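What follows is a structure written as C-alpha coordinates; I'll ask about it next.
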Amino acid sequence: MEGPRAPEIHEWTRVVEFLNTHLRPGQGWSIADEYPTAITSSNRINSRVIFDGDQIISHAIVRPIIVKNPIGVFKVAGIGSVVTSDQYRKQGLSTQILESCLQAARDSNCDLAILWTDLFDFYRRIGFELAGSEVSFEIDRDLVSNTQLRFVEGPKVDPAAVLRLYAQHTVTSHRSIDDIRESLAIPNSRVTTAWDSMGRMVAYAVEGKGADLNGYIHEWGGTLPNLLALFTHMRTTQKRTLRLITPAHSLNLIAKLTELGLPVHRGHLGMMKLLKPDSFFSKIQRHARSLGIADLVLEKKDGKFYFGRGLHVYSTDSEADILRLLFGPTRPSELHAFDRTTAETFDRLLPVPMWIWGWDSV
Ligand SMILES: CC(C)(COP(=O)(O)OP(=O)(O)OC[C@H]1O[C@@H](n2cnc3c(N)ncnc32)[C@H](O)[C@@H]1OP(=O)(O)O)[C@@H](O)C(=O)NCCC(=O)NCCS
(Lines give C-alpha, C1' and ligand atoms only; values in the text may rest on other atoms or scores of the structure.)
Protein backbone atom coordinates (compact mmCIF):
# COMPACT_ATOMS: atom_id res chain seq x y z
CA MET A 1 0.00 0.00 0.00
CA GLU A 2 1.10 3.53 -0.71
CA GLY A 3 0.05 6.68 1.10
CA PRO A 4 -1.60 8.63 2.55
CA ARG A 5 -0.40 11.21 0.06
CA ALA A 6 -1.81 13.93 -2.18
CA PRO A 7 -2.72 12.59 -5.62
CA GLU A 8 -0.63 13.67 -8.61
CA ILE A 9 -2.31 15.87 -11.20
CA HIS A 10 -2.60 12.94 -13.65
CA GLU A 11 -4.35 10.89 -10.93
CA TRP A 12 -7.05 13.49 -10.23
CA THR A 13 -9.65 12.08 -12.64
CA ARG A 14 -9.34 8.71 -10.91
CA VAL A 15 -9.84 10.33 -7.51
CA VAL A 16 -13.14 11.83 -8.71
CA GLU A 17 -14.14 8.49 -10.27
CA PHE A 18 -13.36 6.72 -6.98
CA LEU A 19 -15.55 9.19 -5.07
CA ASN A 20 -18.39 8.94 -7.58
CA THR A 21 -18.32 5.14 -7.46
CA HIS A 22 -18.27 4.92 -3.66
CA LEU A 23 -20.21 7.96 -2.51
CA ARG A 24 -22.59 8.76 -5.41
CA PRO A 25 -23.41 5.44 -7.12
CA GLY A 26 -26.10 5.84 -9.78
CA GLN A 27 -26.22 9.62 -9.45
CA GLY A 28 -26.70 11.65 -12.62
CA TRP A 29 -23.93 14.12 -11.81
CA SER A 30 -20.37 14.08 -10.47
CA ILE A 31 -19.61 14.74 -6.81
CA ALA A 32 -17.15 17.36 -8.10
CA ASP A 33 -20.16 19.41 -9.27
CA GLU A 34 -21.64 19.23 -5.77
CA TYR A 35 -18.48 20.51 -4.10
CA PRO A 36 -16.99 22.81 -6.74
CA THR A 37 -14.72 24.64 -4.29
CA ALA A 38 -13.51 21.48 -2.51
CA ILE A 39 -13.38 18.61 -4.99
CA THR A 40 -11.46 20.41 -7.69
CA SER A 41 -8.00 19.84 -9.11
CA SER A 42 -6.97 23.24 -7.73
CA ASN A 43 -7.52 21.80 -4.22
CA ARG A 44 -5.70 18.55 -5.08
CA ILE A 45 -2.85 19.19 -2.64
CA ASN A 46 -5.37 19.08 0.21
CA SER A 47 -6.71 15.70 -0.85
CA ARG A 48 -5.27 12.46 0.55
CA VAL A 49 -5.40 9.01 -1.00
CA ILE A 50 -4.09 5.53 -0.24
CA PHE A 51 -3.32 3.21 -3.14
CA ASP A 52 -3.15 -0.57 -3.28
CA GLY A 53 -1.15 -1.14 -6.45
CA ASP A 54 -2.72 1.23 -8.95
CA GLN A 55 -6.10 1.23 -7.21
CA ILE A 56 -7.30 4.03 -4.95
CA ILE A 57 -8.72 2.44 -1.79
CA SER A 58 -9.18 5.33 0.65
CA HIS A 59 -9.70 9.10 0.44
CA ALA A 60 -10.44 12.32 2.36
CA ILE A 61 -10.13 15.98 1.48
CA VAL A 62 -9.61 19.26 3.35
CA ARG A 63 -11.06 22.49 2.13
CA PRO A 64 -9.49 25.48 3.89
CA ILE A 65 -12.21 28.05 4.68
CA ILE A 66 -11.35 31.59 5.77
CA VAL A 67 -14.07 32.59 8.23
CA LYS A 68 -14.53 36.22 9.29
CA ASN A 69 -16.58 37.09 12.35
CA PRO A 70 -16.66 40.01 14.82
CA ILE A 71 -13.78 38.47 16.78
CA GLY A 72 -11.39 38.06 13.89
CA VAL A 73 -10.38 35.91 10.96
CA PHE A 74 -10.12 32.17 11.42
CA LYS A 75 -8.78 29.52 9.10
CA VAL A 76 -11.02 26.47 9.28
CA ALA A 77 -10.27 23.09 7.72
CA GLY A 78 -13.52 21.62 6.38
CA ILE A 79 -13.02 17.87 5.99
CA GLY A 80 -15.12 15.66 3.78
CA SER A 81 -15.47 12.82 1.28
CA VAL A 82 -14.00 10.40 3.83
CA VAL A 83 -14.31 6.92 2.36
CA THR A 84 -12.53 3.56 2.23
CA SER A 85 -13.38 0.76 -0.25
CA ASP A 86 -15.55 -1.92 1.39
CA GLN A 87 -12.96 -4.69 1.36
CA TYR A 88 -10.27 -2.48 3.00
CA ARG A 89 -12.32 -1.20 5.93
CA LYS A 90 -11.43 -1.60 9.62
CA GLN A 91 -7.70 -1.64 8.94
CA GLY A 92 -7.12 1.91 10.13
CA LEU A 93 -6.86 3.47 6.64
CA SER A 94 -9.34 6.30 7.17
CA THR A 95 -7.77 7.04 10.53
CA GLN A 96 -4.37 7.38 8.81
CA ILE A 97 -5.84 9.53 6.05
CA LEU A 98 -7.60 11.79 8.55
CA GLU A 99 -4.42 12.19 10.62
CA SER A 100 -2.61 13.18 7.43
CA CYS A 101 -5.37 15.67 6.56
CA LEU A 102 -5.20 17.17 10.06
CA GLN A 103 -1.42 17.50 9.86
CA ALA A 104 -1.69 19.20 6.45
CA ALA A 105 -4.30 21.56 7.91
CA ARG A 106 -2.03 22.37 10.87
CA ASP A 107 0.89 22.93 8.50
CA SER A 108 -1.19 25.46 6.60
CA ASN A 109 -2.12 27.23 9.87
CA CYS A 110 -5.74 26.17 10.17
CA ASP A 111 -7.04 27.09 13.64
CA LEU A 112 -9.62 24.34 13.71
CA ALA A 113 -11.17 21.50 11.74
CA ILE A 114 -14.84 20.80 11.17
CA LEU A 115 -16.82 18.00 9.56
CA TRP A 116 -20.39 16.82 9.25
CA THR A 117 -21.23 13.20 10.05
CA ASP A 118 -23.38 10.88 12.07
CA LEU A 119 -20.42 8.60 12.89
CA PHE A 120 -19.80 10.45 16.15
CA ASP A 121 -17.75 7.78 17.92
CA PHE A 122 -15.52 7.17 14.92
CA TYR A 123 -14.48 10.84 14.84
CA ARG A 124 -14.33 11.18 18.64
CA ARG A 125 -11.44 8.71 18.61
CA ILE A 126 -9.38 11.29 16.75
CA GLY A 127 -10.41 14.18 18.94
CA PHE A 128 -13.48 15.63 17.23
CA GLU A 129 -16.46 16.66 19.33
CA LEU A 130 -19.93 17.98 18.56
CA ALA A 131 -19.84 21.72 19.15
CA GLY A 132 -21.16 25.04 17.92
CA SER A 133 -24.79 25.87 17.24
CA GLU A 134 -27.23 25.36 14.46
CA VAL A 135 -30.85 26.40 14.79
CA SER A 136 -33.39 25.13 12.29
CA PHE A 137 -37.03 26.07 11.83
CA GLU A 138 -39.77 24.19 10.03
CA ILE A 139 -41.39 26.57 7.61
CA ASP A 140 -44.79 24.95 7.71
CA ARG A 141 -46.98 28.02 7.15
CA ASP A 142 -47.07 31.42 5.43
CA LEU A 143 -44.89 33.93 7.25
CA VAL A 144 -46.04 37.12 5.52
CA SER A 145 -48.53 38.18 2.90
CA ASN A 146 -49.03 41.30 0.75
CA THR A 147 -45.56 41.71 -0.60
CA GLN A 148 -44.49 43.99 -3.42
CA LEU A 149 -41.69 41.65 -4.37
CA ARG A 150 -41.18 39.66 -7.54
CA PHE A 151 -39.66 36.19 -7.23
CA VAL A 152 -37.40 34.45 -9.71
CA GLU A 153 -36.50 30.78 -9.63
CA GLY A 154 -33.27 29.51 -11.12
CA PRO A 155 -29.54 29.95 -10.77
CA LYS A 156 -29.10 32.49 -13.58
CA VAL A 157 -28.44 35.44 -11.30
CA ASP A 158 -25.53 37.81 -11.04
CA PRO A 159 -23.05 36.30 -8.54
CA ALA A 160 -21.93 39.83 -7.62
CA ALA A 161 -25.47 40.66 -6.45
CA VAL A 162 -25.50 37.49 -4.31
CA LEU A 163 -22.09 38.43 -2.90
CA ARG A 164 -23.35 41.90 -1.92
CA LEU A 165 -26.21 40.42 0.13
CA TYR A 166 -24.00 37.64 1.52
CA ALA A 167 -21.45 40.21 2.73
CA GLN A 168 -24.09 41.62 5.12
CA HIS A 169 -23.89 38.52 7.33
CA THR A 170 -22.15 38.65 10.72
CA VAL A 171 -20.11 35.53 9.96
CA THR A 172 -18.95 34.84 6.43
CA SER A 173 -16.33 32.77 4.74
CA HIS A 174 -14.25 34.32 2.02
CA ARG A 175 -15.82 33.80 -1.42
CA SER A 176 -14.85 35.04 -4.83
CA ILE A 177 -17.36 35.85 -7.55
CA ASP A 178 -16.23 32.64 -9.29
CA ASP A 179 -16.86 30.59 -6.13
CA ILE A 180 -20.42 31.92 -6.07
CA ARG A 181 -20.91 31.33 -9.81
CA GLU A 182 -19.85 27.68 -9.35
CA SER A 183 -21.97 27.23 -6.24
CA LEU A 184 -25.05 28.59 -8.04
CA ALA A 185 -24.60 25.77 -10.57
CA ILE A 186 -24.58 22.92 -7.99
CA PRO A 187 -26.97 20.20 -9.20
CA ASN A 188 -30.22 19.37 -7.47
CA SER A 189 -30.41 22.73 -5.78
CA ARG A 190 -33.11 25.36 -6.06
CA VAL A 191 -32.03 29.00 -6.03
CA THR A 192 -34.77 31.60 -5.52
CA THR A 193 -34.30 35.36 -5.52
CA ALA A 194 -36.55 38.28 -4.56
CA TRP A 195 -36.57 41.56 -6.49
CA ASP A 196 -38.00 44.93 -5.55
CA SER A 197 -39.93 47.33 -7.77
CA MET A 198 -36.68 49.07 -8.78
CA GLY A 199 -35.37 45.77 -10.18
CA ARG A 200 -32.85 45.20 -7.37
CA MET A 201 -32.19 41.75 -5.94
CA VAL A 202 -33.09 42.11 -2.26
CA ALA A 203 -32.95 38.51 -1.02
CA TYR A 204 -31.78 35.08 -2.10
CA ALA A 205 -32.21 31.58 -0.69
CA VAL A 206 -30.98 28.15 -1.73
CA GLU A 207 -32.59 24.81 -0.94
CA GLY A 208 -30.88 21.46 -1.62
CA LYS A 209 -27.28 20.70 -2.53
CA GLY A 210 -26.60 17.68 -4.72
CA ALA A 211 -27.29 14.53 -2.71
CA ASP A 212 -27.57 16.53 0.53
CA LEU A 213 -29.80 19.10 2.18
CA ASN A 214 -32.96 18.21 0.29
CA GLY A 215 -35.72 20.37 1.78
CA TYR A 216 -33.23 22.50 3.71
CA ILE A 217 -32.68 26.19 3.00
CA HIS A 218 -28.97 26.35 3.78
CA GLU A 219 -27.92 29.61 2.11
CA TRP A 220 -29.82 32.86 2.33
CA GLY A 221 -29.28 36.60 2.51
CA GLY A 222 -31.29 39.82 2.60
CA THR A 223 -33.24 41.84 5.15
CA LEU A 224 -35.73 40.17 7.45
CA PRO A 225 -39.05 41.22 5.78
CA ASN A 226 -37.73 40.29 2.33
CA LEU A 227 -36.46 36.94 3.57
CA LEU A 228 -39.77 36.09 5.23
CA ALA A 229 -41.57 36.82 1.94
CA LEU A 230 -39.03 34.74 0.03
CA PHE A 231 -39.32 31.73 2.37
CA THR A 232 -43.11 31.94 2.12
CA HIS A 233 -42.87 31.96 -1.67
CA MET A 234 -40.51 28.94 -1.68
CA ARG A 235 -42.79 26.94 0.58
CA THR A 236 -45.82 27.79 -1.55
CA THR A 237 -44.18 26.88 -4.86
CA GLN A 238 -42.56 23.69 -3.53
CA LYS A 239 -45.81 22.73 -1.77
CA ARG A 240 -44.00 21.23 1.19
CA THR A 241 -42.61 22.11 4.59
CA LEU A 242 -39.06 23.41 4.22
CA ARG A 243 -36.46 23.65 6.95
CA LEU A 244 -34.48 26.81 7.36
CA ILE A 245 -30.99 26.45 8.83
CA THR A 246 -29.71 29.50 10.72
CA PRO A 247 -26.73 30.37 12.88
CA ALA A 248 -27.55 31.02 16.56
CA HIS A 249 -26.34 34.61 16.14
CA SER A 250 -29.15 35.43 13.65
CA LEU A 251 -31.02 36.87 16.61
CA ASN A 252 -33.67 38.92 14.79
CA LEU A 253 -34.62 36.12 12.42
CA ILE A 254 -34.75 33.60 15.27
CA ALA A 255 -36.84 35.96 17.42
CA LYS A 256 -39.31 36.54 14.57
CA LEU A 257 -39.68 32.86 13.64
CA THR A 258 -40.05 31.95 17.33
CA GLU A 259 -42.73 34.62 17.72
CA LEU A 260 -44.54 33.14 14.72
CA GLY A 261 -44.52 29.81 16.55
CA LEU A 262 -42.59 27.73 13.99
CA PRO A 263 -41.29 24.39 15.27
CA VAL A 264 -37.62 24.83 16.15
CA HIS A 265 -34.70 22.40 16.51
CA ARG A 266 -31.48 23.32 18.22
CA GLY A 267 -28.46 21.29 17.20
CA HIS A 268 -24.70 21.47 16.74
CA LEU A 269 -22.81 23.18 13.95
CA GLY A 270 -20.75 20.03 13.37
CA MET A 271 -17.93 17.96 14.82
CA MET A 272 -14.98 20.17 15.57
CA LYS A 273 -11.37 19.87 16.62
CA LEU A 274 -8.91 22.58 17.66
CA LEU A 275 -5.77 22.38 15.55
CA LYS A 276 -3.82 25.43 16.71
CA PRO A 277 -5.07 26.20 20.22
CA ASP A 278 -2.44 28.91 20.84
CA SER A 279 -3.33 30.78 17.65
CA PHE A 280 -7.04 30.45 18.36
CA PHE A 281 -6.71 31.57 21.98
CA SER A 282 -4.60 34.59 21.03
CA LYS A 283 -7.43 35.81 18.76
CA ILE A 284 -9.89 35.57 21.66
CA GLN A 285 -7.39 37.30 23.98
CA ARG A 286 -6.98 40.13 21.48
CA HIS A 287 -10.72 40.53 21.19
CA ALA A 288 -11.02 40.51 25.01
CA ARG A 289 -8.38 43.26 25.29
CA SER A 290 -10.29 45.34 22.76
CA LEU A 291 -13.23 45.14 25.17
CA GLY A 292 -11.03 46.23 28.10
CA ILE A 293 -10.53 42.73 29.53
CA ALA A 294 -6.79 42.47 30.15
CA ASP A 295 -6.58 39.50 32.52
CA LEU A 296 -8.34 36.77 30.58
CA VAL A 297 -6.68 33.38 31.00
CA LEU A 298 -7.00 31.03 28.03
CA GLU A 299 -4.03 28.81 27.30
CA LYS A 300 -2.80 25.29 26.72
CA LYS A 301 0.19 24.16 28.75
CA ASP A 302 1.64 20.66 29.15
CA GLY A 303 -1.42 19.06 27.57
CA LYS A 304 -3.89 20.91 29.83
CA PHE A 305 -6.20 23.82 29.08
CA TYR A 306 -6.37 26.74 31.54
CA PHE A 307 -9.16 29.29 31.44
CA GLY A 308 -10.56 31.99 33.70
CA ARG A 309 -10.01 35.56 34.73
CA GLY A 310 -7.29 37.05 36.94
CA LEU A 311 -6.56 34.71 39.83
CA HIS A 312 -9.62 32.57 39.16
CA VAL A 313 -8.17 29.92 36.87
CA TYR A 314 -9.88 26.64 35.96
CA SER A 315 -8.42 23.73 34.05
CA THR A 316 -9.36 20.67 32.04
CA ASP A 317 -7.47 18.09 30.06
CA SER A 318 -10.54 17.41 27.91
CA GLU A 319 -10.52 18.89 24.42
CA ALA A 320 -14.27 18.25 24.27
CA ASP A 321 -14.79 20.51 27.33
CA ILE A 322 -12.80 23.33 25.81
CA LEU A 323 -14.58 23.01 22.44
CA ARG A 324 -17.96 23.35 24.13
CA LEU A 325 -16.71 26.32 26.15
CA LEU A 326 -15.45 28.05 23.00
CA PHE A 327 -18.24 27.22 20.56
CA GLY A 328 -21.26 26.26 22.67
CA PRO A 329 -24.06 25.55 22.07
CA THR A 330 -24.39 26.13 25.83
CA ARG A 331 -23.47 29.40 27.51
CA PRO A 332 -20.20 29.14 29.47
CA SER A 333 -21.90 29.88 32.82
CA GLU A 334 -24.16 26.86 32.28
CA LEU A 335 -21.17 24.60 31.61
CA HIS A 336 -19.01 25.27 34.67
CA ALA A 337 -19.47 26.64 38.18
CA PHE A 338 -17.36 29.75 37.59
CA ASP A 339 -16.94 32.64 40.02
CA ARG A 340 -19.19 35.57 39.10
CA THR A 341 -16.65 37.72 37.27
CA THR A 342 -15.36 34.85 35.16
CA ALA A 343 -18.91 33.71 34.36
CA GLU A 344 -19.88 37.22 33.24
CA THR A 345 -16.70 37.62 31.21
CA PHE A 346 -17.03 34.28 29.44
CA ASP A 347 -20.72 34.81 28.77
CA ARG A 348 -19.79 38.11 27.14
CA LEU A 349 -16.98 36.65 25.01
CA LEU A 350 -18.20 33.15 24.28
CA PRO A 351 -19.45 31.14 22.49
CA VAL A 352 -17.47 32.40 19.51
CA PRO A 353 -19.95 33.10 16.70
CA MET A 354 -18.87 30.44 14.23
CA TRP A 355 -20.76 29.42 11.13
CA ILE A 356 -20.19 27.60 7.89
CA TRP A 357 -22.82 28.32 5.23
CA GLY A 358 -24.23 25.41 3.22
CA TRP A 359 -22.25 26.08 0.06
CA ASP A 360 -19.02 25.72 2.07
CA SER A 361 -19.84 22.44 3.81
CA VAL A 362 -17.54 19.67 2.60
C1 LIG B 1 -16.42 5.34 7.84
C2 LIG B 1 -15.29 4.82 6.98
C3 LIG B 1 -14.71 5.96 6.17
C4 LIG B 1 -14.23 4.24 7.90
O5 LIG B 1 -13.13 3.80 7.09
P6 LIG B 1 -12.05 2.74 7.63
O7 LIG B 1 -10.87 2.79 6.73
O8 LIG B 1 -12.72 1.46 7.86
O9 LIG B 1 -11.69 3.42 9.03
P10 LIG B 1 -10.70 2.84 10.14
O11 LIG B 1 -10.26 1.48 9.78
O12 LIG B 1 -9.68 3.87 10.39
O13 LIG B 1 -11.66 2.79 11.38
C14 LIG B 1 -12.93 2.13 11.30
C15 LIG B 1 -13.15 1.25 12.48
O16 LIG B 1 -12.27 0.16 12.39
C17 LIG B 1 -11.54 0.02 13.59
N18 LIG B 1 -10.20 -0.44 13.23
C19 LIG B 1 -9.17 0.30 12.81
N20 LIG B 1 -8.10 -0.47 12.58
C21 LIG B 1 -8.49 -1.73 12.85
C22 LIG B 1 -7.86 -2.98 12.80
N23 LIG B 1 -6.57 -3.08 12.44
N24 LIG B 1 -8.57 -4.07 13.13
C25 LIG B 1 -9.87 -3.99 13.49
N26 LIG B 1 -10.54 -2.81 13.56
C27 LIG B 1 -9.85 -1.72 13.25
C28 LIG B 1 -11.52 1.39 14.17
O29 LIG B 1 -11.32 1.33 15.55
C30 LIG B 1 -12.87 1.92 13.79
O31 LIG B 1 -13.79 1.47 14.74
P32 LIG B 1 -15.14 2.28 15.03
O33 LIG B 1 -15.94 2.21 13.75
O34 LIG B 1 -15.74 1.51 16.15
O35 LIG B 1 -14.75 3.68 15.37
C36 LIG B 1 -15.78 3.66 6.05
O37 LIG B 1 -16.54 2.76 6.80
C38 LIG B 1 -16.58 4.13 4.87
O39 LIG B 1 -16.03 4.40 3.80
N40 LIG B 1 -17.92 4.24 5.03
C41 LIG B 1 -18.81 4.71 3.96
C42 LIG B 1 -18.64 6.19 3.70
C43 LIG B 1 -18.86 7.00 4.96
O44 LIG B 1 -19.81 6.76 5.71
N45 LIG B 1 -17.97 7.97 5.19
C46 LIG B 1 -18.02 8.82 6.36
C47 LIG B 1 -18.65 10.10 5.98
S48 LIG B 1 -18.57 11.23 7.31
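For region 14-71, state which chymotrypsin sites (Phe, Trp or Tyr not before Pro) are in a DSSP loop and have at most 15 other beta carbons lying within 10 Å of their beta carbon. Numbers along the way, then the final one.
Working: sites: PHE18, TRP29, PHE51; in loops: TRP29.
Answer in residue order: TRP29.
Now for a different question. Express in Å², to the nearest 10, the accessible area of SER41 obtained by rolling a 1.4 Å probe over the protein heavy atoms while all chains stay in place.
Counting only protein heavy atoms, SER41 exposes about 60 Å² to solvent.
Compute the Cα gyration tensor for region 135-267, then decide on rounded, prolate or oblate, letting a ≥ b ≥ c be the square roots of its eigenvalues: rounded whenever a/c is under 1.5, prolate when a/b is larger than b/c in the other cases, and oblate in all that remain.
On the way: a/c = 1.36, a/b = 1.23, b/c = 1.10.
In terms of gyration-tensor shape, rounded.
Where in region 132-239 are there trypsin sites (Lys or Arg not before Pro) that are in a DSSP coil and have at most 14 other Cβ atoms within 10 angstrom of their Cβ? All intermediate terms of the calculation are to be shown ahead of the outcome.
Details: sites: ARG141, ARG150, LYS156, ARG164, ARG175, ARG181, ARG190, ARG200, LYS209, ARG235, LYS239; in loops: ARG141, LYS156, ARG175, ARG200, LYS239.
Here the trypsin sites (Lys or Arg not before Pro) that fit, given the DSSP loop and packing criteria, are ARG141, LYS156, ARG200, LYS239.
Moving on. Return the aspartates and glutamates within reach of LYS300: Cα separation strictly under 16 angstrom, same-chain partners fewer than 8 residues apart disregarded; answer none if there are no such residues.
ASP111, ASP278, ASP317, GLU319, ASP321
Let me cross-check SER197: its accessible surface, 1.4 Å probe, with only protein heavy atoms counted, in Å² to the nearest 10?
Accessible surface of SER197 is approximately 110 Å².
Here is a follow-up. Can you tell me how much longer the chain between GLN27 and GLN87 gets when fully stretched, taken as 0.36 nm per residue apart minus their C-alpha distance, in nm with one decimal? Spell out each step's value before the answer.
Working: separation 60, 0.36 × 60 = 21.60 nm, distance 2.23 nm.
That pair, GLN27 and GLN87, stretches by 19.4 nm at full extension.
Suppose we take every Cα in region 181-325 and form the convex hull; what volume per residue is that in Å³? Display every interim value, and only then the final one.
Numbers: hull volume 28.0 nm³, N = 145.
About 193 Å³ per residue, rounded to a whole number.
May I ask you to give the percent of accessible area on region 135-267 that is carbon plus sulfur, with a probe radius of 1.4 Å? Don't skip to the end; give the middle numbers.
Values: 3150 of 6260 Å².
Ligands and nucleic acids excluded, carbon and sulfur give 50 percent.
Students often get this wrong, so check it: of LYS90/LYS276; LYS68/LYS156; LYS75/LYS304; LYS156/LYS276, which have C-alpha atoms separated by over 31 Å? Write down the numbers at each step before the final one.
On the way: LYS90/LYS276 29 Å; LYS68/LYS156 27 Å; LYS75/LYS304 23 Å; LYS156/LYS276 40 Å.
Too far apart for the 31 Å limit: LYS156/LYS276.
Also: To the nearest µm²/s, what D does Stokes-Einstein give for region 239-323 at 20 °C and 1.002 mPa s, using the Kirkwood radius over alpha carbon pairs as Rh?
Numbers: Rh = 16.1 Å.
Rounded, D is 133 µm²/s.
What are the ³J(HN,Hα) couplings of region 44-52, residue after residue, when phi is run through the Karplus curve with 6.51, -1.76, 1.60 and θ = phi - 60°? Round to Hz, x for glycine and proline.
In residue order, the calculated couplings are 4, 5, 9, 9, 10, 10, 10, 9, 10 Hz.
What are the semi-axes of the equivalent ellipsoid for the chain, taken as the square roots of 5 times the Cα gyration tensor eigenvalues, largest first, in whole Å?
Details: eigenvalues 211, 194, 58 Å².
Semi-axes from the Cα gyration tensor: 32, 31, 17 Å.
Can you list the chymotrypsin sites (Phe, Trp or Tyr not before Pro) in region 98-179 that are in a DSSP coil and have 14 or fewer other beta carbons within 10 angstrom? Before the final figure, lay out the partial values.
Working: sites: TRP116, PHE120, PHE122, TYR123, PHE128, PHE137, PHE151, TYR166; in loops: TRP116, PHE128.
For chymotrypsin sites (Phe, Trp or Tyr not before Pro) across region 98-179 that sit outside H, G, I, E and B with at most 14 neighbouring Cβ atoms in 10 Å, the list is empty.
Another question, then. Just to be sure I understand the model, the point goes 7 Å from the Cα along the line to the Cβ. What's the resulting ARG124 to LEU291 distance in nm?
Label at ARG124, label at LEU291, 3.1 nm between them.
Still on this structure, I have one more. For ASN214, list long-range residues whose amide hydrogen, built 1.01 Å from N in the peptide plane, is under 5 Å from its own amide hydrogen.
LYS209
The values are calculated or read from the model by the stated rules, or taken from the named source; none is laboratory data. Owing to the predicted nature of the structure, the values given are computational and were not obtained by experimental measurement. So basically every Cβ, Gly included, is an ideal-geometry build from the backbone, and we count neighbours across all protein chains shown. Each accessible area value is taken on the protein alone, full model and side chains, heavy atoms only, with ligands, DNA and RNA left out. Shrake-Rupley method; radii C 1.70, N 1.55, O 1.52, S 1.80 Å.
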